[in-house]
1. Hey, got the dipole for the chain? About the Cα centre, +1 on K and R Cβ, -1 on D and E Cβ, debye to the nearest 20?
2. Cα axis of helix 56-166 to longest principal axis of the chain: angle in degrees, 0 to 90, nearest 10?
3. Report, to the nearest 10°, how far helix 172-184 tilts away from the longest principal axis of the Cα atoms in the chain, using its own Cα long axis and a range of 0 to 90°.
4. Does the chain come out rounded, prolate or oblate by the C-alpha gyration tensor, with a ≥ b ≥ c the root eigenvalues, rounded set by a/c under 1.5 and, if not, prolate when a/b is larger than b/c and oblate if not?
5. What whole-number distance in Å separates the alpha-carbon centres of the stretch 21-90 and the stretch 139-185?
6. Towards the positive end of the charge dipole of the chain, with charges on Cβ (+1 Lys, Arg; -1 Asp, Glu), say which of 160, 48, 97 has the farthest Cα.
7. Cut-off under 20 Å on the C-alpha distance; same-chain residues fewer than 8 positions from residue 122 excluded. Which aspartates and glutamates are left, in chain and number order?
8. In whole percent, and with a 1.4 Å probe on the protein chains, what portion of the accessible area of the chain is carbon and sulfur?
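The values are calculated or read from the model by the stated rules, or taken from the named source; none is laboratory data. Since we're looking at a predicted model, the values are computed, not measured. Because the Cβ atoms are built from the backbone with ideal geometry, glycine has one as well, and the counts that use them run over all protein chains shown. Surface areas here come from the heavy atoms of the whole protein model, side chains and all, with no ligands, DNA or RNA. Shrake-Rupley method; radii C 1.70, N 1.55, O 1.52, S 1.80 Å.
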Amino acid sequence: MAESHGNAKGSTAHTEADGGHKAPFPPFQKDTFASQLVSLLIAFVALYLIVSRIALPRVGSLLDERQSKIEGDLAAAQKLKDESDAALKAYESELAAARSRAQAIGAETREKLNAASEAERKTLEERLSVKLAEAEKTIAATREAAMKNVRSIASDAAIAIVQRLTGVAPDRRSANKAVDATLKG
């Protein structure tokens, strides 16, 4: 192994041809340099044509499709957002209108009930005042009748008492005068 380190022949074995002389790196060989440049130019032009005519239009169309789909989706989302905002505003306005209608109906119903109860109260008061007047007339008539009866009863009682005490029955006229004088005060 020590020989291979110091031996120049052993280190150049990979780069030398079988004849013992060095072969240059193939791309740098002078006899094939021009043909390699032409091959490189043809490969570059072919690759450019393939990329520019086939690959780039496909990629461009995919990008355009993707961009148009994104824009369409954004437009549809904006449209749906606008529709939902409009629906929300319509809902809120309908809700406010329904609340105001409910309040108006409640106020109207309250006014009708108040008016009906007031009319019923007045009717009831009128009926009660008529009944009260009739009752007062009945009481007055009953009182008057009772007072007439009291007068005749008092007169009869006075006659009976005087007869019992004195033994003589006074006449009805004098007994009525005495009862009238007593009742007047």
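1. Working: 27 positive and 25 negative charges, 381 e Å.
The calculation lands at about 1820 debye.
2. 10
3. 40
4. Details: a/c = 20.93, a/b = 5.64, b/c = 3.71.
Cα axes put the chain in the prolate bin.
5. Cα centroid to Cα centroid, the span is 140 Å.
6. Sorting the options by dipole projection puts first 160.
7. Answer for residue 122, where 20 Å is the Cα cut-off: 111, 134, listed by chain and number.
8. Exposed carbon and sulfur together represent 63 percent of the surface.
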